[in-house]
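Visitor: First the structure, which I've put down as structure tokens, then a few questions once you've had a look.
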Amino acid sequence: MNSISEKKLPGDFAIWIFIYAELLVFGVFFASYAVTRSNHVELFNQSQLMLDRTAGMVNTVVLITSSWFVVNAVHAIKAGKQNLSVRWLAGSIGMGGIFLGVKMFEFITKHNEGITLSTNKFYMFYLSLTFFHFMHVILGMVILGVILVMARRGKYSATEYTGIETGASYWHMVDLVWIILFPLVYLIQ
Amino acid sequence: MPNATINSQPVNSQQNDLDYRNSIRKTFVIWVGLVSLTLLGYWIGMEGMSGNLALGLLLGAALIKGQFVITYFMEMVNAPLKWAIIPTVWLLLVLAIIALMY
């Protein structure tokens, strides 16, 4: 048994290599956005005003809440509460579904306005960045779904919860990236 | 030897319940902070604020939110420093680049 003072990364170590690689990719994406914007400030500011900031805010709250649910799922399994852990995981996946629904609404609205990747440089970044993140949300939901099924089958317990921590860590990365993406693309003028 | 009990519940189970409730309470406070900062950012955006003050507030809110997620949700507070520092450095670097480019 680990002593309380022993420090370790939560979950499987391999997921952290993946998470750090993902952060690097998103970091380059964000830096590219900022550099390109500095050369097209007016275009970016005007195009940004056409975005649905309320939808962006709602999705931020939804993703933060989903992350909180996942934290609670981890704490529940550590306390030996398998059923509660399953419920928190289900809630988290549900929140992920709401995020996808709101984002789809935004994508469809922009599509109906005739906006595409080639409309201008801002929309090229907006659509590609948010779609790239959208795909990560889907992957995160698949991972959480697998964990949910395994938790329901009693694969995790108060002494063996590495799988839940692994999925949770990935999901928090998806949340962390959105925490930068939202102000960068939707708010900062 | 049978496990010790209090009110017919094993002591270990009661301790687990207590730990669980405390952790939910703690993370709920973090969640409230994260949502409040999100709403602050949204308000700044909807008010159409721009300039250095708005930029500072939005990036400052993102920094605090990001570090909350890193420390308490990703549980980097329990990770070795050499690994725990990576997402924090990433966060600072990304926000610094954004600030410099604006």
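The values are calculated or read from the model by the stated rules, or taken from the named source; none is laboratory data. From a predicted model like this one, the values you see are computed outputs, not experimental measurements. Here the Cβ is made from the backbone with ideal geometry for all residues, glycine too, and neighbour counts use every protein chain on show. All accessible areas refer to the heavy atoms of the entire protein, side chains included, with ligands and DNA or RNA removed. Shrake-Rupley method; radii C 1.70, N 1.55, O 1.52, S 1.80 Å.
Visitor: Can you name every residue in the stretch B:35-52 that is of a type outside the set (S, T, Y), at pLDDT 95 or above and surrounded by fewer than 20 Cβ atoms within 10 Å (Cβ to Cβ)?
Guide: B:V35, B:L39, B:L40, B:W43
Visitor: Within the stretch B:52-102, which residues are more than 7 Å from chain A (Cβ to nearest Cβ) and of a type in the set (K, R)?
Guide: Result: B:K82, single match.
Visitor: Being in a helix (DSSP H, G or I) and closer than 30 Å to A:G11 by Cα is the requirement here; does A:F107 meet it?
Guide: Values: in a helix (DSSP H, G or I): yes; closer than 30 Å to A:G11 by Cα: no.
When the stated conditions are applied, A:F107 does not pass them.
Visitor: Can you tell me which of (1) within 13 Å of another protein chain (Cβ to nearest Cβ); (2) part of a helix (DSSP H, G or I); (3) under 30 Å from B:E47 (Cα atoms) is the one A:A168 doesn't meet?
Guide: All conditions are met except number (3).
Visitor: Among what's in the stretch B:60-74 and is open to solvent by 10 Å² or more (accessible area, probe 1.4 Å) and among the β-branched types (V, I, T), pick the residue that is farthest from A:Y20 (Cα to Cα).
Guide: For the stretch B:60-74, the residue satisfying everything is B:I64.
Visitor: I would also like to ask the following. Which residue, of A:I138, A:I147, is surrounded by fewer than 20 Cβ atoms within 10 Å (Cβ to Cβ) and free of Cβ contacts under 8 Å to residues at least 60 places away in the same chain? Lay out the reasoning, then the answer.
Guide: Details: A:I147 fails: surrounded by fewer than 20 Cβ atoms within 10 Å (Cβ to Cβ).
On inspection, the qualifying residue turns out to be A:I138.
Visitor: Quick test for you: out of B:V77, B:V89, B:V94, B:V32, pick the one residue that is among the hydrophobic types (A, V, I, L, M, F, W, C), exposed (fewer than 15 other Cβ atoms within 10 Å of the Cβ) and within 26 Å of A:V58 (Cβ to Cβ). Even if it seems obvious, please write down each step before you answer.
Guide: Working: B:V77 fails: within 26 Å of A:V58 (Cβ to Cβ); B:V89 fails: within 26 Å of A:V58 (Cβ to Cβ); B:V94 fails: exposed (fewer than 15 other Cβ atoms within 10 Å of the Cβ).
Only one candidate qualifies: B:V32.
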